[in-house]
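Notes follow the structure.
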Amino acid sequence: MISEKRKHMRINALNLSHVAVDDQEDTVKQAIGRTLNVSETGILLETHFPIESDQNVELTLGFEENLVSLRGKVIHLLNGETGKFEMGIQFTDIDAQGTEVIKDFIQRFRKLTQK
């Protein structure tokens with residue numbers, strides 16, 4: 001039996017995301033990706049290019065009509081089944097309003113799936 005180590009539950013959600021990879025505060029690569037799942041403290045992000053572990057990223061995530069800008073760090077990288085790359089991103093800098101948008105999105109998603 002596998003024990004769950006995550007502090008926050010993740011929900012499966014597809015949201016468009018703008019990704020900017022930075023290298024010592026300089027943007028070195030930008031792309032559009034999508035979230036595969038979301039929690040209060042991180043996401044699983046899918047892109048067409050890999051982003052190495054420990055790399056810092058700037059993200060703009062679309063949650064319905066709300067955009068949330070934040071910074072995060074790549075925790076792990078997987079080769080996806082579709083030839084794309086999946087990265088676990090831990091949020092490192094997100095403001096209170098962004099956190100509330102994500103919490104609200106997760107709450108509403110849970111209510112919809114419990115019906």
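Here segment 58-69 is the region considered, the condition is being surrounded by fewer than 17 Cβ atoms within 10 Å (Cβ to Cβ) and in a strand (DSSP E or B), and the residue that is farthest from the chain's Cα centre (by Cα) is ASN66.
Residues in segment 70-85 that are part of a strand (DSSP E or B) and either touching a His at 6+ places or on another chain (Cβ under 9 Å) or among the aromatic types (Phe, Trp, Tyr) (or both): 1 in all.
Can you pull out every residue in segment 86-112 that is open to solvent by 60 Å² or more (accessible area, probe 1.4 Å), in a strand (DSSP E or B) and within 12 Å of GLU40 (Cβ to Cβ)? The one that is open to solvent by 60 Å² or more (accessible area, probe 1.4 Å), in a strand (DSSP E or B) and within 12 Å of GLU40 (Cβ to Cβ): GLN90. Restrict the check to segment 46-62 and report whether at least one residue is within 11 Å of ILE102 (Cα to Cα) and touching a strand residue (DSSP E or B) at 6+ places or on another chain (Cβ under 8 Å). Yes, some residue in segment 46-62 is within 11 Å of ILE102 (Cα to Cα) and touching a strand residue (DSSP E or B) at 6+ places or on another chain (Cβ under 8 Å). All conditions in (1) of a type in the set (Ser, Thr, Tyr); (2) at pLDDT below 80; (3) surrounded by 17 or more Cβ atoms within 10 Å (Cβ to Cβ) hold for SER3, with the sole exception of (3).
The values are calculated or read from the model by the stated rules, or taken from the named source; none is laboratory data. This is a predicted model, so every value here is computed, not measured. Here the Cβ is made from the backbone with ideal geometry for all residues, glycine too, and neighbour counts use every protein chain on show. These area figures cover heavy atoms from the full protein model, side chains too; ligands, DNA and RNA do not enter into them. Shrake-Rupley method; radii C 1.70, N 1.55, O 1.52, S 1.80 Å.
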